[in-house]
Amino acid sequence: DTGVSQNPRHKITKRGQNVTFRCDPISEHNRLYWYRQTLGQGPEFLTYFQNEAQLEKSRLLSDRFSAERPKGSFSTLEIQRTEQGDSAMYLCASSTTDLNEKLFFGSGTQLSVL
Amino acid sequence: GENVEQHPSTLSVQEGDSAVIKCTYSDSASNYFPWYKQELGKRPQLIIDIRSNVGEKKDQRIAVTLNKTAKHFSLHITETQPEDSAVYFCAATNSNSGYALNFGKGTSLLVTP
């Protein structure tokens, strides 16, 4: 499968713990995005990278959230001191910077905070 | 910021009928409007998109129309099949400042045989 890959698929954690998710984009894609999706809602934009530079962050991304893309390839999203309200599907997506770029999503990491 | 409204939230049609889902957006600078299909437990998948320099685009049984003046766009599915059953999301963004898509809340489409 040469699509966007996310790990783990599921994560159950206790409130207050830190969690980290990984996203591997499509290899030739230099833009990488993180979204969050809760049940019955559309994905909500969190942040995006062009290569290793983080170019935009949503107000949804509190200071407990940090994302990195150190070498412009894979990315990690860390949530510190998790809260029950952080329970959601975290989706990664990638795209090129071509004129006709399109966003391709991974299967997501389902986070449950107990 | 951009606000995307999507209607209806649920839609039930009989196999073979047409389905129409409508979205409105608020930011006149938005110029890219994709539609995603999400089956239960799966990733959102791009099914069709349209850019603001085009009024209509068609791909087999799926078409999208855009009215920039009224700031609304619609998805049309003809000859619906049971496998079209899924949640459909519209989205809008200004691609000149990145592709931070603003999604609607989704339409759950059920196609009954």
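If you take all other residues with their beta carbon under 12 Å from the beta carbon of A:ARG22, and give Lys and Arg +1 and Asp and Glu -1, the sum is 0.
Over chain A, with every protein chain in place, what whole percent of the accessible area is carbon and sulfur at 1.4 Å, could you tell me? Walk me through the intermediate numbers first.
Details: 2660 of 5900 Å².
After summing per-atom areas, the C and S share lands at 45 percent.
Please compute the contact order of chain A in relative form: average sequence separation of alpha-carbon pairs under 8 Å and at least six residues apart, divided by the residue count, as a percent.
Working: 288 pairs, mean separation 41.9, N = 114.
Answer for chain A is 37 percent.
Normalised by the residues of chain B, what does the relative contact order come to in percent, with Cα pairs under 8 Å and at least six apart? RCO, chain B: 37 percent.
Considering all alpha-carbon pairs of region B:17-70, what whole percent are spaced by more than 19 angstrom? Could you put the intermediate results ahead of the total?
Numbers: 472 of 1431 pairs.
Cα-Cα pairs of region B:17-70 separated by over 19 Å account for 33 percent.
Taking a Cβ cut-off of under 12 Å around B:VAL111, the surrounding Lys, Arg, Asp and Glu residues balance to a net charge of -4, with basic ones at +1 and acidic ones at -1.
Modelled spin labels at A:SER73 and A:ALA53, positioned 7 Å past Cα toward Cβ, are 2.2 nm from each other.
The reciprocal of the average 1/r between distinct C-alpha atoms defines the Kirkwood hydrodynamic radius, which for the protein assembly as shown equals 18.1 Å. Between region B:57-113 and region B:1-38, the alpha-carbon centres lie 5 Å apart. Dipole size of chain B about its Cα centre, with +1 on Lys/Arg Cβ and -1 on Asp/Glu Cβ: approximately 280 debye, rounded to the nearest 20. Heavy atoms of chains B and A lose about 1700 Å² of accessible surface on contact, summed over both sides with a 1.4 Å probe.
The values are calculated or read from the model by the stated rules, or taken from the named source; none is laboratory data. Source: prediction; values computed, not measured. Reconstructed Cβ throughout: ideal geometry from the backbone, glycine too, with neighbour counts over all protein chains shown. Surface accessibility is based on the protein's heavy atoms, side chains included, excluding ligands, DNA and RNA. Shrake-Rupley method; radii C 1.70, N 1.55, O 1.52, S 1.80 Å.
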